[in-house]
1. Please find, among B:Val373, B:Val424, B:Val443, the residue that is crowded, with 24+ Cβ neighbours inside 10 Å and either under 30 Å from A:Ala49 (Cβ atoms) or more than 9 Å from chain A (Cβ to nearest Cβ) (or both).
2. Could you tell me how many of the residues in the stretch B:281-305 are among the small types (Gly, Ala, Ser) and over 26 Å from B:Gly112 (Cβ atoms)?
3. Exactly one condition in (1) assigned to a helix (DSSP H, G or I); (2) at pLDDT 80 or above is false for B:Thr278; which is it?
4. Checking B:Glu113 against (1) under 23 Å from the mean Cα position of the chain (by Cα); (2) crowded, with 21+ Cβ neighbours inside 10 Å; (3) of a type outside the set (A, V, I, L, M), which single condition isn't satisfied?
5. Just checking, how many residues over the stretch B:154-171 are of a type outside the set (A, V, I, L, M), within 20 Å of the chain's Cα centre (by Cα) and farther than 10 Å from B:Ala483 by Cβ?
6. Given the criteria over 30 Å from B:Ser415 (Cα atoms), away from every other protein chain (no Cβ under 14 Å), without any contact (Cβ under 8 Å) to a residue 12 or more places away in the chain and over 18 Å from the mean Cα position of the chain (by Cα), does B:Glu151 qualify?
7. Sort out which residues of the stretch B:376-405 are under 29 Å from B:Gly426 (Cβ atoms), among the aliphatic types (A, V, I, L, M), buried (at least 20 other Cβ atoms within 10 Å of the Cβ) and more than 14 Å from every other protein chain (Cβ to nearest Cβ), and write them in order of number.
Amino acid sequence: MSEERDRSPAFRMKSAEAAVAALFIAFGAVVIADSVRLGFRWADDGPQAGYFPFYVGLIICVAGLVNLVRGLVLPAEKNGAFVEIGQLKLVLSVLVPTAVYAALIGWIGIYVASIVFIAYFMRRLGGYPWWKTAAVSVGNSVVFFVIFEVWFKIPLPKGPVEAFLRIH
Amino acid sequence: MEEIQSLLHGFAVALSFKNVALMFTGIVLGVIIGVLPGLGGANGVAILLPLTYSMAQTPGGATSAIILLSCIYWGALFGGAITSVLFNIPGEPWSVATTFDGYPLAQQGRAGEALTAAFTSSFVGALVAVIVITFLSPIVASFALEFGPPEFFAVYLLTFCAFIGMSKEPPFKTVAAMMTGFALAAVGTDPVTGALRLTFGSVHLLKGFDFLTAVIGLFGIGEILLTLEEGLAFKGARAKINLNVVLETWRELPKYWATSLRSSAVGCFMGIVPGGATPASFMSYGVARRFSPRGAKFGTGQVEGVVAPETAAHAAGTSALLPMITLGVPGSPTAAVLLGGLLIWGLQPGPLLFVEQKEFVWGLIASMYLGNVAGLIVVLTCVPLFAAILRIPFSVIAPIIMVICAIGAYTVANSIFDVWMMVVFGVLGYAFKKLQYPLAPMVLAIVLGDRAESSFRQAMLVSQGDLSIFFSNALVGGMTGLALLLLFWPLIGLALARLRGR
């Protein structure tokens, strides 16, 4: 990655702080709502199921509110880049394939998905020739197959390719 | 001395051929994990934990399993120093302070010296911590046998308040992260009434969040995303360690005995009180700079500046296991993962372990001595090999690490849903790290949430909902008081600073 990276901020600190704090508040609110449904009071036989989570949710909301306010009053000189555009591109170029990979596992099994995933990385980001890409990606899956299925006898998710090859 | 006798018996357990082989395997794996970006002590152990399920079923197998996993932890502690000194990239958060003087030394061509000093002082720090564990933990355990629910809740409270009072992150962010951990721990079936909490009708959420998935996502995926921002290439110094360099450095090291002693003390204290290895290493570097006659030259490549943080980090990392085995309260995320391991293998961590599982406990303690000796030998002899791993291009190693994390997350409970959760936790870990939300208290809260809640509820049942039970005797009152002091420490510190400034 030698090309010039875009150094201008994609998000600033203030918006990132506010967004994450809002996320906490929303999460705390969900926890409180469910605790109220379960009952958060003191019953005859002791605390109800929602008793502990209710206060946990309440504290999350309060702490989130404080963090939100502190984020919003962030002085301008501290409001630098949360992430630069160039950095965000790099991060997304890994995060998106990883998410796709996680989705693929359930569909075509972990071994084939790993081959596709590593091959994509090496071709797209590393620019390796095909034979190196194939050797590393296939080799990796074979090694993990031997370790997990043969050696430790821990079955990992498999898909149609394994079924076709009659590997169970 | 009963401890010595138990320890000798422990050595007999740990010195079997199988266990020594596991020790070396663990150390080598651990150093590799410590060197690789995105893999560290906590998630490395978490990923390998499922492999020990079947191992722990055999008689004496739990001891072998804990020896393997704890040695991975020692290895990761050692490995962090390699990347700090040679590449100026701290492989682990606790080796950040090691880069201050370690990397300048490497640039001056004294990498061998810096590494020898780092490894040796790691070893010394660990040794001091293990000696502390050997003699202190039976006392703590026998003391804790008398504990009831209020005492245990006070210990949990103390643990979590210590995070708020002692972490360098903003206190309200610590609170938010920690309480989120508690809320995640509450997902699933309520242990007391059996009611379903926070599942919203989802089958996947029925069994709750597994903290191992969270650890792998937060520390593994999150860390890789952070590393990526810095670009894809690593540039580093080359290092060879030969016997001459080692012996020369060893001749020099006794000069720094005062620094070693101070750093060990700081490390042990910060490890037992859950402060963790990272603040311990920074604190000890700061203390050494203030007290050392060579303090002014720190940062330009002083061997002493490597000794201080490494000793403390290793002492803290090791002594974090003391509250884990005696009270069932881990002092660090990695200790929390090991605790999770004990539970999975069917062992109940806590004071009873010293009564019912003597062989396991003393085998573990003996393996701490042996594992660190093995670690020192392995790292001193194999540095060039481990450094070569970092020269593998990122576009090859990053996807492989991701695959390893995904397999680790899947094998925790054989669930593909966990792999998706891992990715979600990875994004959270990335954002949290950048915004200074601490991850350690969140992980600990996920692990301890259920047990903290049940001890609280049991205590409340005993007292009929009266909170004064947490002050009912000197012991529990003292712990609760100390916890509250730590909780409000940020405020007290602020007030003191105001007063002094006036």
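1. The unique qualifying residue is B:Val443.
2. 1
3. (2)
4. For B:Glu113, the failing item is (1).
5. 4
6. no
7. The answer is B:Ala387, B:Leu390.
Yes or no, residue by residue, for (1) at pLDDT below 85; (2) in a loop (DSSP other than H, G, I, E, B); (3) surrounded by fewer than 22 Cβ atoms within 10 Å (Cβ to Cβ):
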site	(1), (2), (3)
B:Pro323	no, no, no
B:Gly331	yes, yes, no
B:Gln348	yes, yes, yes
B:Trp362	no, no, no
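The values are calculated or read from the model by the stated rules, or taken from the named source; none is laboratory data. Predicted, not measured: the structure shown is a model, and the values here were computed from it. FYI the Cβ positions are ideal-geometry reconstructions off the backbone, even for glycines, and counts take in every protein chain you see.
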